[in-house]
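Everything on this sheet refers to the single structure shown next.
Since every read-out is calculated from the coordinates, none of them should be taken as a lab result. Keep in mind that what you see is a predicted model, and the values were worked out from it rather than measured. Note that we place each Cβ from the backbone using ideal geometry, even for glycine, and neighbour counts take in every protein chain shown.
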Amino acid sequence: MAKHDSTNSRLVYSTASGRLCPQCQRPVAGCVCGKDRPVTVGDGIVRLHRETKGRGGKAVTIVKGLPLAPTELRALAKVLKQKCGVGGAVKDQDIEIQGDQRSLLQKELESRGYQVKISGG
C-alpha cells in the first residue's frame, strides 16, 4: 500500500466544524473570502451542454462547472456572448448562450486554460 502524501491534500470537511471554504480553509460560516469566492469548485472540468427542453425547440448551450465568483462569471459570460455574436444569460452559476455554440465555446475556453468536455445531446 502506498504512503499518503499529505503535501498535496487538503481538508474538505471537518466533523468539528462542517464544510470548509476551498480558498481560505476555514469553516463556511467563518469564511473570510466574502462574496468573491466561488459557490462550488467542482471537479475542475467545464462542461458544455446543448439543451432544447422548455425553450420551444430552440437550442441553448449551457456552460457548467466554471469555478468563478459571480462577478467574474458575468464578465466571462459577456465576453463569450460577444465572441459568439449571440445573446445569453447567467443563471445559477451556469452561463446560457443562445444557439448551439459548443465548438466555438470549447476553443475559447481552452485558450483561457480551462479543461473542457462537450456533453449532452
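Just to be sure I understand the model, the point goes 7 Å from the Cα along the line to the Cβ. What's the resulting ALA75 to GLU110 distance in nm? It is 2.5 nm. Enumerate the residues in the range 46-78 having an amide nitrogen under 18 Å from the point lying 7 Å beyond the Cα of ARG19 toward its Cβ. Those under the cut-off are 65-71.
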